Amino acid sequence: MIKIRIDPVTRIEGHLDIEVSVDNVDGIQQVIDAKSSATMFRGFEIILKERDPRDATIYTQRICGVCPVSHAMASTLNLESAFGVLPPDNGRILRNLVLGANFIMSHILHFYHLAALDYINTEGIVDKSPWLPRYITTDMVAGDTAEVLVGHYVQALEMRRKSHQMGAIFGAKLPCTSTFVPGGCTEVVTAEKISDFTTLLSELRGFIDNIYVTDVLAVAGLFEEYYQIGQGCGNLIAYGVFDLDAAGGSRLLSRGRYTNETIYDDVDPAQITEYVKFSRYTPGSGNLPPEDGETEPQIDKPNAYSWIKSPRYQDIVHEAGPLARMWINGDYRRGISVLDRIAARALECQKVAEAMEGWLLELDVGEPTYEYSEIPESATGIGLTEAPRGALGHWMEISDSKIYRYQVITPTAWNASPRDDFGNRGPIEEALIGTPVKDVEQPIELLRVVHSFDPCIACAVHLVSPEGQSLGKYRVS
Amino acid sequence: MIIKRREFMKYCGAVAGAMGLSVSGLIKLQNILAAEGGPPVVWLQGQGCTGCSVSLLNSMYYMTIDELLINTIDLEFHATVMAGAGDLAVEAAEDAYENEGYILVVEGAIPTAENGEYCYLWPGTTALHAVETFSEKAAYILAVGTCAAFGGLVAGEPNPTEAVDVSKVVSKKQVINIPGCPAHPDWIVGTIAHLLINGKAPALDQYGRPQMFYRKTVHSACPNKQKFHDKAIFAQQLGEEGCLFKLGCAGTWTQADCPIRKWNSGAAGEFGDTWCIGGRNPCQGCTEPGFPDRVSPWYTLELPKVSV
């Protein structure tokens, strides 16, 4: 048996360490055990205590600079449920447009700049840092096709920049919008802004339809074995996103789950429990629903190996992400694997961009975008939405008009979670099991599996912390 | 299509125009960039959110991100964009260290509690240790974003990890602070261009910020100043027309060129009024050492929760 450690896992957001055991099973060298852990702690929930509830929108966006708009959305929905206010239609639509722009940005960034280098041999095309040093395996796309894809990598840099430029028209600036507030959006609707937004959206739709989706299909055709690799837990969860009415009665991508091969059109937040048996928290921090969440670290806890908790729905492991959303919405049900995640992400990008064009037509120039509300003396709130990488929930308790408790469960907490109290692995760990590894010195297969989840570690970690021990320089043993 | 170093005049013109450079400065930049291999850059991420890196990708004005990465610098280590992972990535950083003379960029704060163990960059190496070590052989040190420059949100009361800014860790060398939450890409790229052209740091203010970007207050160039503030027209509620001072706007004491530079634009004013106040939201004071505790609670004139 060989142990492989990849630390740092690069081309993701944040600090992730992957350790797997590889052995020969049925003549194939493959992963037989896997652990993922994160290596950075900030303590946002602790810092948020006693602050003005409205500040949560500014603060929580800084949990993650790749998906800040999703935290802005989750926190404003959270505050609106606590304040008892709903945004006017204009405000709701503006927020959807800014969130949609960030989805497009994130999905393009993920495929071209984070994931694609696992599939393309850039040797002879761009021979300098940061594209060297790198793994080069014989199955990678090379030659003319690689040149075209590298060209699209460069073009995609411009496209993702323009996605942010588009979102900033109603979001003021990106990353980290400053226009999302409980009750709507501070930005107003003008014909000129609609026109500017439309111009950029048209260009982006052209890129998504003609280049992004096409490239994904091309890569999928060349790596068909990855429809069988990285299948994971097989259960999916989505809170749904892009409210089509203020009360959240319908969404572009619906709420639901796929559990034990059955589709359910509901998610009851009361059925979510965070487990900590293998997380470095006191036992009292575990077995709790998020609205009562506690996070008290215990560095030397026996058998614990991660600082991410294990959120479970009805005690069952679920995967979050674009594939979960598209599956539950009925838009994509080919299968669950590395390539299915990548394909569903591209098709979702296309779907969201198309919908945004329609939303622009629903805006009413001159009509209000914001509804005033007071901070309640005491209240509880919940905000469920989606980040580009999956289901995102914020919970809060207000006391004396200040934040008493703030809890966040991010998509990467679902996906990168360690084993739960029942011994079930988290989705990324489970997806790594059975992954063939041809060359332990260049375990590119592991990166392909991990990258397909588009993990965001800064998001996932309530409290990620000391490793406990120093493991030296050696990473492949 | 083979990507290689190209002619530099295309963007040198933009740099020169924007920075008021002399022709000799331009020639110097060309000579530096024409040499085999660009200036090495090591980009370390401590307790950050990658927002400043994402912001850097939005670079447009001085040069686009592909110009920067392909033709201008050698980005030897940056965990979010580099192709290599694990051992290969760490070796790239170690090689840069051995070769010396790189530009060290730090994004995110540095936790000092528990001997720095709240943030590991790779096995056995904490952010604290890495910043201490890599600063030794750096030609320049840039603290990008308010977390790296001043501690930022991570160091907000009660600062559970005892997070500090880069200058607290690197005491013997100059640290160029490029705050902002996130930092504007022009502030990052413009500063790097200045270093390459002039071979020295730009003039800094008392907080270590390049004066060329952070010299004046947001208020001094805010279009709402003449239009509303000077006529005592104040918005009482979000969404109202008027100066946002009474809604907690920090523009009067926050130094940054946002009102002129704007955000997410190819050129100032392109595609709308994209900056916080342009979006009718108060300035959040994100380029100041007191962010967040001195400026929050936001949206109110109430006294800050914590006196700074």
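The values are calculated or read from the model by the stated rules, or taken from the named source; none is laboratory data. It should be emphasised that the depicted structure is a prediction, and the values quoted were computed from it without experimental measurement. Positions of Cβ are backbone-derived with ideal geometry, glycine not excepted, and every protein chain shown enters the neighbour counts. These area figures cover heavy atoms from the full protein model, side chains too; ligands, DNA and RNA do not enter into them. Shrake-Rupley method; radii C 1.70, N 1.55, O 1.52, S 1.80 Å.
Quick notes
- Computed FRET value (nearest 0.05) for B:LYS216 with B:GLN236, which takes r as the C-beta separation and R₀ as 25 Å: 0.35
- Net charge over other residues, Cβ less than 12 angstrom from the Cβ of A:VAL154 (K, R count +1; D, E count -1): -2
- Residue-normalised convex hull volume from the C-alpha trace of the range B:216-300: 87 Å³ per residue.
- Dividing the Cα radius of gyration of the range A:138-204 by its Kirkwood radius returns 1.21 for Rg/Rh.
- Where the range B:164-223 is the region considered: accessible area per residue in Å², 1.4 Å probe: 38
- In the range B:105-142, comparing the full protein assembly with the chain on its own, the residues that lose 40 Å² or more of accessible surface at a 1.4 Å probe are B:GLU117, B:TYR118, B:TYR120, B:PRO123.
- Pairs with C-alpha atoms separated by more than 29 Å, drawn from the list B:LYS137/B:LYS168; B:LYS200/B:LYS227; A:LYS49/A:LYS173; A:LYS35/B:LYS168; A:LYS162/B:LYS231; A:LYS173/B:LYS225, are B:LYS200/B:LYS227; A:LYS35/B:LYS168; A:LYS162/B:LYS231.
- Residues along the range A:6-22 losing 30 Å² or more of accessible surface when the other protein chains are present rather than the chain by itself (probe 1.4 Å): A:ASP7, A:PRO8, A:THR10, A:ARG11, A:GLU13, A:HIS15
- Point-charge dipole on Cβ atoms (K/R +1, D/E -1) for the range A:346-443, about Cα centre, debye to 20: 520
- Most to least accessible of B:HIS184, B:HIS129 (protein chains only, probe 1.4 Å): B:HIS129, B:HIS184
- As a fraction of the 1.4 Å probe accessible area of the range B:216-300, surface on carbon and sulfur atoms comes out at 52 percent.
- Pairs of Cα atoms nearer than 8 Å and 6+ residues apart set the relative contact order; for the range B:216-300 it is 30 percent.
- Buried on assembly, the range A:122-149 (at least 40 Å² less accessible surface than by itself, 1.4 Å probe): A:ILE125, A:LYS128, A:SER129, A:PRO130, A:TRP131, A:PRO133, A:TYR135, A:GLU147
- The smallest convex shape that holds all Cα atoms of the protein assembly as shown, its convex hull, gives 139 Å³ per residue.
- For the pair A and B, total buried accessible area rounded to nearest 100 Å², probe 1.4 Å: 7400
- Contour minus Cα-Cα distance for B:GLU100 and B:LYS227 (0.36 nm per residue): 40.5 nm
- Accessible surface, chain A, averaged per residue in Å² (probe 1.4 Å): 30
- Estimated [θ] at 222 nm from DSSP helical runs (n ≥ 4, -39500 (n - 2.57)) normalised by residues in chain A, nearest 500: -10500 deg cm²/dmol
- Computed over protein heavy atoms with a 1.4 Å probe, the carbon and sulfur contribution to the accessible area of chain A reaches 48%.
- Kirkwood Rh (inverse of mean 1/r, distinct Cα pairs), the range A:286-337, angstrom: 14.0
- Axial C-alpha extent at least 18 Å, average Kyte-Doolittle at least 0.0 - helices from chain A (DSSP): A:68-83, A:89-108, A:191-207, A:338-362
- Size of charge dipole - the protein assembly as shown - debye, nearest 20, with Cβ of Lys, Arg +1 and Asp, Glu -1, no other charges: 1800
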